[in-house]
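Beneath this line is the structure, given in structure tokens, with notes to follow.
The values are calculated or read from the model by the stated rules, or taken from the named source; none is laboratory data. Owing to the predicted nature of the structure, the values given are computational and were not obtained by experimental measurement. Reconstructed Cβ throughout: ideal geometry from the backbone, glycine too, with neighbour counts over all protein chains shown.
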Amino acid sequence: MLKKILFILVFFCTYIFAQEKASLNERWYTQEDVTKGKKLFINNCSSCHGKKAQKTLNWKRTLKDGTYPPPPLNGTAHAWHHPKSQLERIILNGGQLYDGTMPAFKNVLNKEEISYIISYFQNFWNNEIYNTWFNNAGLTR
Ligand code: HEC
């Protein structure tokens, strides 16, 4: 009897886990957020990060003055290591936190606008990158 219950329990957990995995591909943002974010990104960020958040290809190499160039935010570089709260902090405060050259946007953009912008560049992340970020507490840390 116990064996049977255990079997059902394991089956159920596997089922729930599979469901959870499947739904992870759903994003926290809507297409409308992405559209709003695109406009804001083009106006505020694309001069350095590129219109599709693809710049700079050689983001690991320092410039002549020892600072780093703007890294791509499209999922090919490092941005997905940061939970959303940290991405927000970087955008609000710029690179001064870590001797970088990115300008701060706290007097330019509000929190809502920053969320739209994050949705815009996250929309370039493939499901694998997005899910890794999500499973790393991307939304909860
Ligand atoms: C004047 C150029 C410039 C502009 C404009 C700019 N950035 Fe940056 N950004 C950088 C640089 C350079 C870095 C690398 C760290 C540093 O030097 O501060 C960076 C780093 C970042 C990072 C950290 C990425 C990582 O992999 O850790 C994020 C996120 C980011 N920028 C988002 C934005 C967003 C969003 C905007 C527009 C609201 C923006 N940036 C505007 C130059 C810029």
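Okay, here's what the table says:
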{"item": "Single unsatisfied condition, Glu128 versus (1) in a helix (DSSP H, G or I); (2) without any contact (Cβ under 8 Å) to a residue 60 or more places away in the chain; (3) in contact with a helix residue (DSSP H, G or I) (Cβ under 9 Å, 6 or more places away or on another chain); (4) more than 12 Å from the ligand (Cβ to nearest atom)", "result": "(3)"}
{"item": "In the stretch 110-125, the residues that are part of a helix (DSSP H, G or I) and either touching a residue at least 40 places away in the same chain (Cβ under 8 Å) or near the ligand (Cβ under 10 Å from one of its atoms) (or both)", "result": "Glu113, Ile114, Ser115, Tyr116, Ile117, Ile118, Ser119, Tyr120, Phe121, Gln122"}
{"item": "The one condition in (1) modelled with pLDDT under 95; (2) in a helix (DSSP H, G or I) that Asp65 fails to fulfil", "result": "(2)"}
{"item": "Residue in the stretch 42-55 that is nearest to Ala79 (Cα to Cα), counting only those that are in contact with a Lys or Arg (Cβ under 8 Å, 6 or more places away or on another chain) and in contact (Cβ under 8 Å) with a residue 12 or more places away in the chain", "result": "His49"}
{"item": "Of residues in the stretch 80-96 being more than 20 Å from Asn136 (Cβ to Cβ) and surrounded by 12 or more Cβ atoms within 10 Å (Cβ to Cβ), the one modelled with the lowest pLDDT", "result": "Gly95"}
{"item": "The stretch 83-104 - residue that is in contact (Cβ under 8 Å) with a residue 40 or more places away in the chain and in a loop (DSSP other than H, G, I, E, B) and, of those, nearest to the chain's Cα centre (by Cα)", "result": "Pro83"}
{"item": "Within the stretch 63-79, considering residues that are surrounded by fewer than 16 Cβ atoms within 10 Å (Cβ to Cβ) and more than 10 Å from the ligand (Cβ to nearest atom), the one nearest to Asp99 (Cα to Cα)", "result": "Gly66"}
{"item": "Total residues in the stretch 36-62, condition within 6 Å of the ligand (Cβ to nearest atom), surrounded by 17 or more Cβ atoms within 10 Å (Cβ to Cβ) and over 24 Å from Arg141 (Cβ atoms)", "result": "1"}
{"item": "Qualifying residue in the stretch 112-126 (condition: surrounded by fewer than 13 Cβ atoms within 10 Å (Cβ to Cβ) and over 21 Å from Glu32 (Cα atoms))", "result": "no"}
